[in-house]
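Bear in mind that the values in this text are calculations on the coordinates, not laboratory data. Values in this document were obtained by computation on a predicted structure and should not be read as measured data. Cβ placement follows ideal geometry from the backbone for every residue including glycine, while neighbour counts extend to all protein chains displayed.
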Amino acid sequence: MLTLVHARTVRRPQDTVRAVNTGRGRHSTRRGQQGCLSQRPATLSRIPSAPSYTTIREFITTIQAAMLVPFPQRRFPSTEDDERTTKKPGRELVADNKVFVDIQRRHMDNDIHGPDRQRIHESWFRDDTVDFWRHRRMYETCRPLAVHYRDASWLTVGDGRYGLDSVRLRKLFGITSVLPTDIGSDLLERGKARGLFDEYAVENAEELTFKDEAFDVVFCKESYHHLPRPTIALYEMLRVSREAVILIEPLDDVTLTYQLSRRDQIRLLIESVISKLRGQPHRPDVVTINPVGHVFEEYGDGAGNYVYSLSIRETEKIVHGLDLSGMAWLGFNDHYVKGCEFEPAVSGNRIFVEVQKAIQRLDEQCQRFPRYQKYAMATVVLFKSAIDPVLRDEMVSAGYGFMRKQTNPVVGEKRPAAG
């Protein structure tokens, strides 16, 4: 039999003080709530009102009623259910994936025939525009790797703009062996006709036809986020590479932030000072994750895709799951202004100045408020073989950060750990 005891008779002094300090009692000093300490007796203002007998009685009645409701019986699947099932699990997903692949292929083959697209396409071959200046900044992030692997064999994935990624790698860094690939053949064939390269391959990034470790380095720039199953494509890139995989992609913008009121800010400041004086770490208890929307990209011709931005944390999991040698990444910002494809990248140009100032502002925010502002893009390098110490030093000097690789206790002794 339950015995009801009035809450006032069992309240401890420290409970009363805590209730007043946190401002959670009925007589809180927060503006807009009922009651004010200056208008009530001092003794009563510090004692929050206890729940009434009726409220407690209703609560107990509700709990007792809930306990009388029987739990639903769980039905486990049987072999008869499997026999009655006409479609195997995963069949629909595979079919949907093929639909997305076909959409991407048609888009890449037909893109040049769209309205005003030919003018855009021709701008890709110019090296004096604001748009080329933007993309060159992205290529330059992998300069230490390009110089180190200059004489190695390279494969570009998702190189659908006439194979221009392979062209830029050769012109900017002197790489001699680069094979461009893409899901569509039309623009690659046009690139070959222009004399940009001698060979190319039509490849689905999720089902590469090359043998294991057929290339030293695999390079994928701004294509990973277009794929319907990008993680599968990353596994394929790792399979056909011997040394490393380089990704230049939009970065996932989920960040840990502090949602604080003015009062909480003052409280945390006092707590942090006290913790510092005591030599103790300060761990705020108000950390939340901001909700982030999902983005879909539309091309205007019935094609499009989900923008699958790259996650540093998830990529680290892949490195540990496959027991790779290590991972490094370099964050940076970019800014696009419509029409920059046709504007010269010269001092004083309005669009050029706008792009430069926007990038500079974003960089300053990332450096000053790293907890609140994250880089919009990143160059991520996954190493399969042991990292050369000289290359590592050059990458660190360029601003790269290296993941702290934890060795797999089962197979870790067979392969040297990174850094």
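Brief remarks on what is shown
- Filtered residues of the range 186-210 (kept if under 30 Å from the mean Cα position of the chain (by Cα) and part of a loop (DSSP other than H, G, I, E, B)): E203, N204, A205, E206, E207, L208, T209, F210
- Filtered residues of the range 145-172 (kept if touching a Pro at 6+ places or on another chain (Cβ under 6 Å) and assigned to a loop (DSSP other than H, G, I, E, B)): D159, G163
- Test result for L188, surrounded by 19 or more Cβ atoms within 10 Å (Cβ to Cβ), touching a Pro at 6+ places or on another chain (Cβ under 9 Å) and under 26 Å from F332 (Cα atoms): no
- As a summary of the residue check, V167 satisfies the conditions (1) touching a residue at least 12 places away in the same chain (Cβ under 8 Å); (2) surrounded by fewer than 16 Cβ atoms within 10 Å (Cβ to Cβ); (3) at negative phi except for the one numbered (2).
- Answer residue from the range 173-185, given it is of a type outside the set (G, A, S) and either part of a loop (DSSP other than H, G, I, E, B) or touching a His at 6+ places or on another chain (Cβ under 7 Å) (or both) and is farthest from E213 (Cα to Cα) among those: I183
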